[in-house]
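Read the structure below first, then the notes.
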């Protein structure tokens, strides 16, 4: 799988909700999945460039590791799942992300960018996507800032326990992040039903055993190693919230 496909899979659900990217994104993504030709790849890259906040995070991770292509698979994997590239991102890189990229691109005011930076813990948590809802906050004004939406926004993992082929949904066991005693923590696994096909776009085969989820959609079958990485980096970010000024915002 290429980095652009990984980013597109995770980006589809929030795009459908109108939170990011162009509303016409489904068409180039669908065509790419049907035929990942050079032409369709170029078009998908262009469309992904309209997912502004994702692009800024990818740029930061790529720059910190001396990687030219922000859609290199390892860069995309670092952001959406988690890998060692995140260890190279420094506090200075994160400051530049918010006070530089976000402000210049009007994702946040100078005041808001400084608030994000001042609210970060002394030891910067990994810049995996879970960082975004819990430490940076939503850019889209359409997404209500609630504990439920923060949990939906983070990339999560789930164990498939059954499926309904007629309704194209999985029955899964997934650990939500819940607010407990003023802290965000991983709660007990709960039963959920998640679509594995969106419109005409099939995201996961119905025989999958473990899946990655984003905004209530199963977006990719993942290995146990990938699930462990997602859990590891999510836990590191959540544990860092204890020393953060953003813990319950």
message: Kirkwood Rh and Cα-based Rg: tell me the resulting Rg over Rh for segment 1-117, rounded to two decimals.
response: 0.99
statement: GNM on the chain, Cα springs under 10 Å; top mean-square fluctuation among 209, 239, 27 goes to 27
field: Relative contact order computed over the chain (Cα-Cα under 8 Å; 6+ residues apart), in percent
entry: 19
query: Once Rh for segment 154-222 is found with the Kirkwood sum over Cα pairs, what is the Stokes-Einstein diffusion coefficient at 25 °C and 0.890 mPa s, in µm²/s?
result: 199
- prompt: Taking only DSSP H segments of four or more residues, each worth -39500 (n - 2.57), what value at 222 nm results for the chain once the sum is divided by all its residues, to the nearest 500 deg cm²/dmol?
  reply: -11000 deg cm²/dmol
- prompt: Modelled label-to-label distance, residue 142 and residue 34, 7 Å Cα→beta-carbon offset: nm?
  reply: 2.4
statement: With the convex hull built on the alpha-carbon atoms of the chain, volume per residue in Å³ sits at 117
- request: Can you tell me how much longer the chain between residue 185 and residue 43 gets when fully stretched, taken as 0.36 nm per residue apart minus their C-alpha distance, in nm with one decimal?
  value: 47.2 nm
- prompt: Which residue fluctuates the most in the chain, going by a Gaussian network model with Cα springs under 10 Å, if the choices are 119, 187, 166?
  reply: 166
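Rule-based calculations on the coordinates, nothing more; no lab input. Fair warning: this is a prediction, and the values are worked out from it, not measured in the lab. Every residue, glycine among them, receives a Cβ derived from its backbone with ideal geometry; neighbour counts consider all protein chains shown.
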